[in-house]
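Have a look at the structure below before the remarks.
The values are calculated or read from the model by the stated rules, or taken from the named source; none is laboratory data. Model, not experiment: these values are computed from the prediction. In this analysis, Cβ positions are derived from the backbone assuming ideal geometry, glycine residues included, and neighbour counts consider all displayed protein chains.
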C-alpha cells in the first residue's frame, strides 16, 4: 500500500514538474510552430543555477532562486530567439536543427562549468519536515510542487484568457497571418513567448532540483517527456499540457518502478499512437 | 437536361461534400458522354474546384458516387484514378520548377508506366521516354524550351506545359481547372487552340470563372451556384436560360 | 571539367593505404562508414524530403544483431550479416508504416521516438545486450579467407563496400523511381494525379534507406569490434543529420563531405577541445545560418562565381 501511495505522490510531483516544463514548450510550438529542442537544456540550466545558488547561500529562498534563474534563462532564450531563430523564419527544418544545436551547446557548457558529477540540491529547510495526512507521511516538498503546478496553471490560464497579451498569443496560435494583418506585432510576440517559455522552464529546473538533482543528461531525460506530454495533450492547449503532464507523470513513475527494462517503450508508445492515430492529441486543435 | 445515353464517360450521382458544418457541394448529378466538351461555370465559391477535387480523388465526398466509364471509382485513391484514364490540371501551377520542361513531361509519361518503379537504371536509359516527351512538347509548341528549367519560362508557357503533361498520358477524361486564368490575350489564344485540338477520344471537363473566354470551347454547360447544379444542358440553351442571367447579374 | 574533379576525388580515395600511417588509414575507414550512413539518411532527407532523427536505429540494430549472433550464438560472419541486414530491413519496413502516418515534424518525432525506444532497450535489457558495458571482443569477418585485421586491409574492404553503396544509391537517385521520389517530395498531389502512389514511393525509400543504414552498421561493428548503446542514441542520429545538412542534402557528394567533416571535427577537436558537443552545436548553428543549403552547393556556387559563372 505504501508503495502505491509513494509512487502516486511521486507521479503527481513529476507531473507538476512536467507541466511547468511542457507548458512553455506547448506555447512556443503553438505560436511559433518551432519545436524547441533546447527546452530540456533550459530546464537543466535552471537546475544547475539553482543548485549552485542554494548550496552556496544557506537559507536562500527557493522561490527567489527560481525567479532569478527563470529570468536568467529567459534572457538567454531571448537572445537566442532574436539572434538566431528570427533569421530562420522560412526554414522550419533549420529552426529545429538550431534548437538542437543550442541544446548541445548549453548541455556541454553545463558540463564544462559544473563537471560530470551529479549535484544534489538541498530541499528548502522550511519544507523539509514531512506532512501527515490520514496516518500517512508525505514528503512536504513534493506536495508543494503539485501546488506550484496548479498555481502556475491558474496564472497561465489568466494570462492567456484574461489579458491582452494572452489574447494576442491566442490569436497568433489560431491564425498567424490574420493576427499580423490586424496589427498584432507578431515578431515581438514571438520573442516574448519564447522568453516566457524558457523562463518557466528555467524556474521549473530550480524547483525540480531537490527531487531530480542536477546532472549531465538531465536535459536528455526531460525533453522527451515534454515532447510526449505536448503531443499527447495537444499542441497549443494549456489544458492538454496539464492533463498530459499528470498522465505521463503516472506512466513514467509506475513504469520505471514496475518494469524498468521496458520504461522507454511504455513511455513512447502513447506518443507514437497519438501521432499515428490522433495527431491533434487529446485537446489540441492543431496537429504536429 | 442533357439526354442520358448508356455509355457515359463520367457519371456523378448525388455528390455531396461538407467540411464540418459547411456544405460546399450537394445533390450534384452529372452525366457526361464520351468526347463531350463540358464547361462548368459559376460564381466564386460555387463549389466548382471542390467538385473537381472530388472527381480527381483529392477529396472524398461525404455521400454520392463517381463513375468512370461505368466503374465506381468513388473509393479509389487519386493515383488509381489516373490509371483509369483520368488526368487533370490545377488552378495553381503545380509543376516542378527546378526541372527542365522535358523532365516535367517525362514525369507525366512515367506515371502510368511500370518502369516508374525501376531503381537500378538511370532514367536517361529510357530513350523512348525522352523522344515521346519531346514530341509532346513539340505538339504544344514548346520544343525549343525543352532544356530550360520551368522556373525560367513565362506563365503562359507554364500553362501549356501543364496541358502537355496531362495530355501526354492520353487521358480518357481530362479535367481542366481554370486553364485560361491569368493569361494575356496572345497566350489565351494559344491555349484555347490547344484545347480545341484535343482529340475527340478524350472527354474534356473545364472550369472557367470567366464565361466569355471559354464559351466557344464548350458544347454543353453546367452552371453551379452555392454548391448545387442550377442549369445543365447544351450551350445555347444554358446561355439563354433565365436562371443563368439571375446568377450572373446577381440577385 | 566537373568530371576531372570527380575523378581526382575518387582517385584520392586510393591514396590512404599507400601514403598514410595507420592512424590516418583508420580515420579514412571511419569516414567511409560515416559516408554510407549519411548517404542512406540523405535518401530520406534530401531526396525524399523526410527528415528523420532516428536513422541511427538501423546502424545500431544491424550492429547489435551481428555482434550477438557472432559472439553469443556461434554464427559465422556471412550468415550473421545476412540475418542482420534482413532483420534491419524488416524493421525499417515496420517502422516506415508507423512513421509515414505523419509528415514533417510528426515524422521527425516518431523517428526520434522509435530510435529512443531501441536505445532504451539496448541500455536496459542487459541480459541480452550487456547494457551500458556494450559488447566487446568482437571479430572482423574474413571474406574469402582474407583477414581484415590490419588497417589497410580493412580500408580496402570498406572502400569496396562504400563504392558499391555509392554506386547503388547514385543509380537509385537518378533512376525512374528516384525521379518519382523527388517528384513526390516537391509536389505530392500532382504526382498522385499523374498516377504515382506517393505513400508507396516513400515507404520503399524508407526501407531502402534502412537497408543501407544497416550495411553501414555492419561495417561499423566490424571496424570497432565493439558495440554500445550510444550508437543508437539521438546524438548519433543528430551527427549524421548534421553531416547531411552541412554537406548539402540536395546532392550526392554533400552527405559524403558533411560526414567526413563531422568525423574529422570529432576526432581532431576532441584532441584539443574537450567539449565536442558544444562544437557540434556551434557548427550546426553556423551551417544553418550561413549556408543552409550546405557546403557542396556553396562551394560550387563559389567556383561558378570564380569562373565568371553563367550556365
Residue that is without any contact (Cβ under 8 Å) to a residue 60 or more places away in the chain and over 20 Å from residue C:45 (Cα atoms), where the choices are C:242, C:289, C:282, C:264: C:282
Residues of the stretch C:69-82 classified as surrounded by 15 or more Cβ atoms within 10 Å (Cβ to Cβ) and under 22 Å from the mean Cα position of the chain (by Cα), total: 3
Check on residue C:257, under 28 Å from residue A:102 (Cα atoms) and under 15 Å from the mean Cα position of the chain (by Cα): yes
Single residue of C:172, C:157, C:206 found to be at pLDDT below 95 and either in a helix (DSSP H, G or I) or touching a strand residue (DSSP E or B) at 6+ places or on another chain (Cβ under 8 Å) (or both): C:157
Looking only at the stretch A:212-232, and only at residues there that are away from chain C (no Cβ under 14 Å) and part of a helix (DSSP H, G or I), the one that is farthest from residue A:13 (Cα to Cα): A:218
Unique match (being within 10 Å of chain C (Cβ to nearest Cβ), closer than 28 Å to residue B:51 by Cβ and free of Cβ contacts under 8 Å to residues at least 60 places away in the same chain) among B:180, B:175, B:107: B:107
Residue tally, condition free of Cβ contacts under 8 Å to residues at least 40 places away in the same chain and within 14 Å of chain C (Cβ to nearest Cβ), over the stretch A:110-142: 2
Test: residue C:271 is within 30 Å of residue A:116 (Cα to Cα) and either part of a loop (DSSP other than H, G, I, E, B) or more than 14 Å from chain A (Cβ to nearest Cβ) (or both): yes
Residues within the stretch C:83-112 that are surrounded by fewer than 18 Cβ atoms within 10 Å (Cβ to Cβ), free of Cβ contacts under 8 Å to residues at least 60 places away in the same chain, part of a helix (DSSP H, G or I) and within 14 Å of chain A (Cβ to nearest Cβ), tallied: 3
Scan of the stretch C:180-193 for residues that are crowded, with 24+ Cβ neighbours inside 10 Å, under 17 Å from residue C:44 (Cβ atoms) and facing chain B (nearest Cβ under 7 Å), ordered by number: C:180, C:183
Residue B:51 under 13 Å from the mean Cα position of the chain (by Cα), at pLDDT 90 or above and in a strand (DSSP E or B): no
Residue C:177 being within 9 Å of chain B (Cβ to nearest Cβ), buried (at least 23 other Cβ atoms within 10 Å of the Cβ) and either out of contact with any helix residue (DSSP H, G or I) (no Cβ under 8 Å at 6 or more places or on another chain) or modelled with pLDDT of 95 or more (or both): yes
Residue in the stretch B:94-114 that is crowded, with 21+ Cβ neighbours inside 10 Å and assigned to a strand (DSSP E or B) present: no
Test: residue in the stretch B:148-170 that is assigned to a strand (DSSP E or B), more than 11 Å from every other protein chain (Cβ to nearest Cβ), crowded, with 17+ Cβ neighbours inside 10 Å and modelled with pLDDT of 90 or more: no
Residue check for residue B:57: touching a residue at least 12 places away in the same chain (Cβ under 8 Å), surrounded by 20 or more Cβ atoms within 10 Å (Cβ to Cβ), on the phi > 0 side of the Ramachandran plot and facing chain C (nearest Cβ under 8 Å): yes
